[in-house]
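Everything on this sheet refers to the single structure shown next.
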Amino acid sequence: MFTSNNYKKIIVALVFGWVAIWIYRTILTPIYPQIQDALGNASNAEIGLIASVYFFAYTGMQIPAGALVDKFGQKTVLIPAFIGFAVGAVVLGTSTTLPQVYIGSLIAGLATGSYYGSAYSLSAKHVPKEKKAFANAVVINSGSAVGMVIGLIGSSVLVGGLNVEWNWMLYGTALIILGVTFVFYINIKSDKQPAAMEDQTAKTTTDTKNVVKEDDGVSLFSSKHLTIYFVYFAVCYGYYMIVTWLPSFLVAEKGFAQSDVGYVSALVAIAGIPGALIFARILDRRQQDRLKYILALLIISTVMIGLTVYYPSPWILYIALILYGLFGKLAIDPVLITYVSDSVPEHKTAKALGLFNFFGMASSVVAPWLTGFIGDTTSSQIIGFYIGTVLLLVAALLFFLVIYLRDGKNSQHA
């Protein structure tokens with residue numbers, strides 16, 4: 001039923017999609033000082049709002065985009081969406097005022113909001129069951145990490161080190177986005193799969209030990225699911241806070257050279273590539289232990305984010321960022337996504353994942369603006385980083401009390 005060439009081409013296309021998205025998301029963060037100067041000494045809160053506007057639009061598009069993909073198919077949605085994404089990057093690159101910057105971010109956020117649902121639905125339909133977790137790790141986490149590395153290091157070196165105008169970063173990103181759009185056009189052959197394939201996929205992905213049957217009356221707002229939503233909110237909050245503000249924080253409050261912060265911040269993404277792949281492989285082989293992995297990853301992430309702001313030497317910071325990359329969001333994502341999928345009947349899987357991603361991405365709206373606002377009002381962003389640490393600590397505690405103590409025992413006796 002599955003042809004290796006078909007699903008492998010789709011994986012390649014989706015990897016390029018996440019690379020382009022994450023280049024855009026991170027390319028501005030190391031060069032916020034230049035952008036502030038170019039826009040008339042904008043405040044930290046105003047600069048943080050650039051990312052918040054993008055993620056607000058991105059988050060708001062999750063549910064409508066799912067409906068569009070179901071109706072018109074992935075390719076029909078992705079091609080115009082990425083053309084709009086390129087337009088948003090150009091609008092931002094030509095900006096001379098903050099409102100125009102926000103408009104560009106809004107367009108880019110609306111355009112990329114369709115990608116999450118399209119990527120996962122393509123993966124679900126075309127990738128063999130035994131390779132799904134690993135494929136998702138490759139597609140989403142590795143693609144994200146590669147894009148993050150390119151965005152952070154590229155803008156840090158070109159703008160911070162070689163004094164290239166910041167606008168040119170956006171023009172180059174727009175060209176990359178258009179190139180990825182062409183990859184979609186070539187590699188994604190069909191918009192919608194026939195019902196027979198969907199029925200067969202449903203049969204092959206059912207695991208009687210883990211998947212809840214349709215007549216079990218599972219609520220998407222049960223205490224267990226609300227806990228998972230909050231856990232993902234906390235996981236994403238810490239991650240997007242680091243992605244948005246860590247480079248600026250290291251320059252302003254820790255004395256790092258601007259040309260170096262891209263390399264330092266990219267440690268998270270570089271370490272995240274093997275972390276995501278390793279834990280995806282473990283998850284495929286040891287489904288019964290995934291709750292232990294989730295709890296351990298949450299605790300390690302909590303400690304590592306705390307160490308990024310309170311460390312006695314730069315080497316402790318480097319180690320903390322590497323460990324956060326290995327055990328943080330990029331490693332947690334495949335485990336949580338699989339857990340959510342298996343915790344509901346099949347006819348509720350798409351809705352559950354939509355709610356899951358909505359709550360997670362809602363934190364990306366709050367974290368950039370709130371951390372910038374804290375920096376403006378207290379002259380330091382340390383409190384903002386501690387908020388991320390506390391949220392993860394609470395998430396780990398809730399996960400332990402609400403899910404691990406109950407479901408952990410059940411899985412051990414299954």
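Given the structure, is Thr59 under 17 Å from the mean Cα position of the chain (by Cα), hydroxyl-bearing (Ser, Thr, Tyr) and either farther than 23 Å from Phe359 by Cα or assigned to a helix (DSSP H, G or I) (or both)? Judged against the criteria, Thr59 is a match. Contact annotation: residue pairs with Cβ atoms under 6 Å, 6 or more positions apart or on different chains, pairing a residue in region 318-331 that is open to solvent by less than 50 Å² (accessible area, probe 1.4 Å) with a partner that is assigned to a helix (DSSP H, G or I) and of a type in the set (S, T, N, Q), are Ala320/Thr308; Gly328/Ser301; Leu330/Asn141. For region 228-263, a residue qualifies if it is open to solvent by 10 Å² or more (accessible area, probe 1.4 Å) and either touching a Lys or Arg at 6+ places or on another chain (Cβ under 6 Å) or part of a helix (DSSP H, G or I) (or both), and the qualifying residues are Phe230, Phe233, Ser248, Val251, Ala252, Glu253, Lys254, Gln258, Ser259, Asp260, Tyr263. If you check Ala276, Ala320 for being modelled with pLDDT of 75 or more and of a type outside the set (D, E, K, R), only one passes: Ala320. Note on region 20-49: residues that are in a helix (DSSP H, G or I), touching a Ser or Thr at 6+ places or on another chain (Cβ under 9 Å) and not hydrophobic (A, V, I, L, M, F, W, C) total 10.
If we scan region 332-354, do we find a residue that is modelled with pLDDT of 85 or more, assigned to a helix (DSSP H, G or I) and open to solvent by 10 Å² or more (accessible area, probe 1.4 Å)? No, there is no match, as no residue in region 332-354 is modelled with pLDDT of 85 or more, assigned to a helix (DSSP H, G or I) and open to solvent by 10 Å² or more (accessible area, probe 1.4 Å).
Candidates Ile50, Ile35, Ile21: the one that is β-branched (Val, Ile, Thr), within 25 Å of Asn187 (Cβ to Cβ) and at pLDDT 80 or above is Ile21.
When Thr76 is tested against the conditions (1) crowded, with 20+ Cβ neighbours inside 10 Å; (2) over 30 Å from Thr378 (Cβ atoms); (3) at pLDDT 85 or above, the lone failure is (1). What do you reckon, is Ala13 at pLDDT 80 or above, of a type in the set (Gly, Ala, Ser) and closer than 20 Å to Ser363 by Cβ? Taking the combined requirement at face value, the residue does not satisfy it. Take the conditions within 19 Å of the chain's Cα centre (by Cα) and modelled with pLDDT of 85 or more and apply them to Ile300. Does it pass? Taking the combined requirement at face value, the residue satisfies it. Of all residue pairs spaced 6 or more apart or on separate chains, those with beta-carbon atoms under 8 Å, a first member in region 145-159 that is free of Cβ contacts under 8 Å to residues at least 40 places away in the same chain and a second member that is open to solvent by 10 Å² or more (accessible area, probe 1.4 Å) and in a helix (DSSP H, G or I) are Leu158/Trp168; Leu158/Met169.
The values are calculated or read from the model by the stated rules, or taken from the named source; none is laboratory data. A quick note: this is a predicted structure, and the numbers were derived from the prediction, not measured. Neighbour counts run over all protein chains shown; Cβ positions are idealised from the backbone, glycine included. Just so you know, the surface numbers come from the protein's heavy atoms only, side chains and all, with ligands and any DNA or RNA stripped out. Shrake-Rupley method; radii C 1.70, N 1.55, O 1.52, S 1.80 Å.
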